[in-house]
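Q: Please read through the structure below; I'll follow up with questions.
The values are calculated or read from the model by the stated rules, or taken from the named source; none is laboratory data. Everything numeric in this text was worked out from a predicted model, so none of it was measured. Note: ideal-geometry Cβ built from the backbone for every residue, glycine included; neighbour counts use all protein chains shown.
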2 protein chains.
Amino acid sequence: MSGWVIVAGLGPGSESLVTPEVTEALAQATDVVGYIPYVARVAPRPGLTLHPSDNRVEMDRAQHALRMAAEGKRVVVVSSGDPGVFAMASAIFEALEAAPQFLDLDIRILPGITAMLAAAARAGAPLGHDFCAINLSDNLKPFATVEKRVALAAQGDFAMAFYNPRSASRPHQFTRVLEVLRAHCDPGRLITFARAVSTADEAIRTVTLAEATPDMADMRTVVIVGNSQTRRIGPHVYTPRSAL
Amino acid sequence: MSGWVIVAGLGPGSESLVTPEVTEALAQATDVVGYIPYVARVAPRPGLTLHPSDNRVEMDRAQHALRMAAEGKRVVVVSSGDPGVFAMASAIFEALEAAPQFLDLDIRILPGITAMLAAAARAGAPLGHDFCAINLSDNLKPFATVEKRVALAAQGDFAMAFYNPRSASRPHQFTRVLEVLRAHCDPGRLITFARAVSTADEAIRTVTLAEATPDMADMRTVVIVGNSQTRRIGPHVYTPRSAL
């Protein structure tokens with residue numbers, strides 16, 4: 001078998017945030033697999049087959065990638081951001097665990113700029129000290145686990161980044177997360193809502209916990225909660241390197 | 001003033017992980033400031049002045065960058081990895097807070113591939129579910145805060161990434177962190193020691209918590225601790241997307 005699977009992070013949206021390593025992998029690929037809007041970011045060319053698929057079919061997509069690589073194809077599975085952060089890398093390994101005939105395949109993960117770090121950079125440096133990354137979706141875990149982790153992160157005075165903060169089908173859950181934060185943090189705690197970072201739709205807004213409302217987030221938003229020392233300086237939001 | 005300060009992440013070491021955005025900023029710069037080994041990664045050219053400085057002089061370096069920008073220079077402050085993760089972005093804003101005469105300066109942060117995400121990609125996907133990033137150095141916080149955060153992260157069943165796990169002057173502290181982990185996690189918990197990722201010196205090793213010893217980490221190592229579900233599949237280490 002000379003095929004391979006590369007799971008590549010395209011970054012949050014701008015081409016200027018795609019690493020040369022990922023660009024090179026795409027140039028070598030025979031097939032590109034991924035969620036429709038991410039595959040749409042790959043330029044068509046002769047010899048390259050694009051396989052866009054819908055959201056929430058991660059396991060089908062992963063199995064498809066493994067099968068094609070076993071047939072000798074050079075397959076790039078594209079994720080936005082970093083593929084190892086709430087994205088396709090874990091799905092590929094789940095599929096591999098369920099299909100051990102593919103264990104000898106050449107599988108590599110190429111990192112990308114994940115949304116929380118692109119968002120933090122635009123805001124200033126709100127993740128400049130210890131922080132947690134939490135996926136607020138309860139598609140794959142009980143919502144009680146989300147609440148527990150947010151509470152523990154607040155108790156530890158971690159800064160936090162929330163992925164998938166709000167879905168149309170479960171709008172009340174982000175409301176509940178704000179309640180958990182209010183139980184543990186001062187009303188002046190700074191929260192940055194960063195939508196569609198590095199794209200034409202980018203919108204960044206920082207408010208206090210007292211001002212935050214659930215409608216400030218949607219599924220294209222990453223939410224960054226500062227720690228107790230996070231502050232504004234001019235237009236910037238940053239967390240000092242030191243802690244109490 | 002037409003000068004500016006850009007704080008740019010060079011990624012963990014390989015040129016193939018430097019974003020085009022950062023490459024472009026370096027091409028526009030008149031001055032580059034940073035820790036000696038990071039400035040050494042920038043190619044000299046006519047019109048560019050390199051200002052390498054020693055470790056632990058972050059505030060001097062930040063003030064120097066602000067002063068030069070105020071004089072009209074185009075200054076890039078280089079960090080390894082991502083500048084917003086335990087690096088120079090927060091130091092620049094600390095310097096700005098102490099020198100408000102520079103508040104109107106054009107200051108931007110450009111994200112980079114941070115060490116934990118490069119290391120996770122090499123290992124597989126050990127950060128594929130909720131995780132914390134913790135700086136184990138007590139240069140800027142009490143070590144009791146480190147111990148508390150590691151314990152809370154373990155209680156929440158977060159995966160964890162440790163930066164600056166071990167220094168020559170405080171070798172016993174990583175020993176203590178392993179003790180905290182052993183108090184909360186099963187002996188089979190997987191730990192990846194990733195040294196100098198993406199450089200010629202790269203070395204990646206995954207062991208169980210029972211097998212882990214303090215000498216497996218040094219200051220060029222990022223340590224990734226899986227959560228309770230993290231497992232091996234073939235040569236890969238990954239954390240499933242679902243949680244209990």
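Q: Does the range B:70-96 hold any residues that are within 19 Å of A:A121 (Cα to Cα) and among the small types (G, A, S), and which are they?
A: Passing the criteria: B:S79, B:S80, B:G81, B:G84, B:A87, B:A89, B:S90, B:A91, B:A95.
Q: Is the range B:142-151 home to any residue that is more than 8 Å from chain A (Cβ to nearest Cβ) and buried (at least 24 other Cβ atoms within 10 Å of the Cβ)?
A: The answer is yes, given that some residue of the range B:142-151 is more than 8 Å from chain A (Cβ to nearest Cβ) and buried (at least 24 other Cβ atoms within 10 Å of the Cβ).
Q: Do any residues in the range A:39-61 that are on the phi < 0 side of the Ramachandran plot have Cβ atoms under 6 Å from those of residues that are of a type in the set (F, W, Y), where the two are at least six apart or on different chains, and which pairs are they?
A: Qualifying pairs under 6 Å: A:N55/A:Y35.
Q: Among the listed residues A:T192, A:T199, identify the single one that is touching a residue at least 24 places away in the same chain (Cβ under 8 Å) and outside any strand (DSSP E or B).
A: Numbers: A:T192 fails: outside any strand (DSSP E or B).
Being touching a residue at least 24 places away in the same chain (Cβ under 8 Å) and outside any strand (DSSP E or B) holds for just one of A:T192, A:T199, which is A:T199.
Q: While we're on this one: Scan the range A:152-192 for residues that are farther than 16 Å from A:V207 by Cβ, buried (at least 19 other Cβ atoms within 10 Å of the Cβ) and not small (G, A, S) and jot them down.
A: A:L152, A:D157, A:F158, A:Y163, A:N164, A:Q173 - these are the residues of the range A:152-192 that are farther than 16 Å from A:V207 by Cβ, buried (at least 19 other Cβ atoms within 10 Å of the Cβ) and not small (G, A, S).
Q: Inspect the range A:132-142 for any residue being at pLDDT 95 or above and more than 19 Å from B:T239 (Cβ to Cβ) and give the result as yes or no.
A: No, the conditions are met nowhere in the range A:132-142.
Q: Right, something else. Are any of the residues in the range A:28-46 within 9 Å of chain B (Cβ to nearest Cβ) and either crowded, with 24+ Cβ neighbours inside 10 Å or not acidic (D, E) (or both)?
A: If we filter the range A:28-46 for residues that are within 9 Å of chain B (Cβ to nearest Cβ), which is where we start, we get none.
No; the residues of the range A:28-46 include none that is within 9 Å of chain B (Cβ to nearest Cβ) and either crowded, with 24+ Cβ neighbours inside 10 Å or not acidic (D, E) (or both).
Q: Still on this structure, please answer the following. Among the residues of the range B:172-183, is any at the interface with another protein chain (Cβ under 10 Å from one of its Cβ atoms) and modelled with pLDDT under 95?
A: So the first thing to find is which residues in the range B:172-183 are at the interface with another protein chain (Cβ under 10 Å from one of its Cβ atoms), and the list is none.
No: zero hits.
Q: So which residues in the range A:109-130 are closer than 18 Å to A:A25 by Cβ and either assigned to a loop (DSSP other than H, G, I, E, B) or more than 8 Å from chain B (Cβ to nearest Cβ) (or both), if there are any at all?
A: First pass over the range A:109-130, keeping only residues closer than 18 Å to A:A25 by Cβ: A:109-114.
Listed by number, the residues that qualify are A:P111, A:G112, A:I113, A:T114.
Q: May I pose another question? Might you check whether a residue that is closer than 17 Å to B:N164 by Cβ, small (G, A, S), more than 14 Å from every other protein chain (Cβ to nearest Cβ) and crowded, with 17+ Cβ neighbours inside 10 Å occurs anywhere in the range B:216-228? Reasoning before the result, please.
A: Let us first name the residues in the range B:216-228 that are closer than 17 Å to B:N164 by Cβ, namely B:216-225.
Keeping just the survivors that are small (G, A, S) gives B:217.
Keeping just the survivors that are more than 14 Å from every other protein chain (Cβ to nearest Cβ) gives B:217.
Pick out the ones that are also crowded, with 17+ Cβ neighbours inside 10 Å and you get B:217.
The answer is yes, given that some residue of the range B:216-228 is closer than 17 Å to B:N164 by Cβ, small (G, A, S), more than 14 Å from every other protein chain (Cβ to nearest Cβ) and crowded, with 17+ Cβ neighbours inside 10 Å.
Q: Which pairs do you get when a residue that is without any contact (Cβ under 8 Å) to a residue 40 or more places away in the chain and surrounded by fewer than 24 Cβ atoms within 10 Å (Cβ to Cβ), found in the range A:101-128, comes within reach of a residue that is of a type outside the set (G, A, S) and part of a helix (DSSP H, G or I), reach meaning Cβ atoms under 6 angstrom, with the pair 6+ apart or on two chains?
A: Close Cβ pairs (under 6 Å, with a partner that is of a type outside the set (G, A, S) and part of a helix (DSSP H, G or I)) amount to A:F102/A:L66; A:F102/A:L96.
Q: Moving to a separate point now. Please verify whether the range A:85-94 includes one or more residues that are surrounded by fewer than 24 Cβ atoms within 10 Å (Cβ to Cβ) and more than 7 Å from every other protein chain (Cβ to nearest Cβ). Quick ask: steps written out before the conclusion?
A: Step one: list which residues in the range A:85-94 are surrounded by fewer than 24 Cβ atoms within 10 Å (Cβ to Cβ), which gives A:94.
Imposing the further condition that a residue be more than 7 Å from every other protein chain (Cβ to nearest Cβ) reduces the set to none.
Checked against the condition, which is being surrounded by fewer than 24 Cβ atoms within 10 Å (Cβ to Cβ) and more than 7 Å from every other protein chain (Cβ to nearest Cβ), the range A:85-94 yields no hits at all.
Q: Next up: Given B:R149, B:R205, B:R176, B:R170, which one is free of Cβ contacts under 8 Å to residues at least 24 places away in the same chain, outside the structural domain of B:A8 (by TED's automatic domain parsing), under 21 Å from A:H129 (Cβ atoms) and not hydroxyl-bearing (S, T, Y)?
A: Working: B:R205 fails: under 21 Å from A:H129 (Cβ atoms); B:R176 fails: free of Cβ contacts under 8 Å to residues at least 24 places away in the same chain; B:R170 fails: free of Cβ contacts under 8 Å to residues at least 24 places away in the same chain.
The match here is B:R149.
Q: Applying the selection to the range A:131-141, what residues are in a loop (DSSP other than H, G, I, E, B) and crowded, with 23+ Cβ neighbours inside 10 Å?
A: Going residue by residue through the range A:131-141, those that are in a loop (DSSP other than H, G, I, E, B) are A:136-141.
Selection gives A:L136 alone.
Q: Which of the residues spanning the range B:131-141 are facing chain A (nearest Cβ under 7 Å) and under 17 Å from B:A212 (Cβ atoms)? Outline the logic, then answer.
A: Here is the first cut: in the range B:131-141, the residues facing chain A (nearest Cβ under 7 Å) are B:131-135, B:140-141.
Correct list: B:I134 only.
Q: Another question, if that's okay. From the set of residues in the range A:152-165 that are of a type in the set (A, V, I, L, M) and more than 9 Å from chain B (Cβ to nearest Cβ), which is farthest from A:I224 (Cα to Cα)?
A: So in the range A:152-165, the residues of a type in the set (A, V, I, L, M) come out as A:152-154, A:159-161.
Subsequent filtering for residues that are more than 9 Å from chain B (Cβ to nearest Cβ) retains A:154, A:159-161.
Details: A:A154: 13, A:A159: 7, A:M160: 6, A:A161: 4 Å.
Restricting to residues being of a type in the set (A, V, I, L, M) and more than 9 Å from chain B (Cβ to nearest Cβ), the top hit is A:A154.
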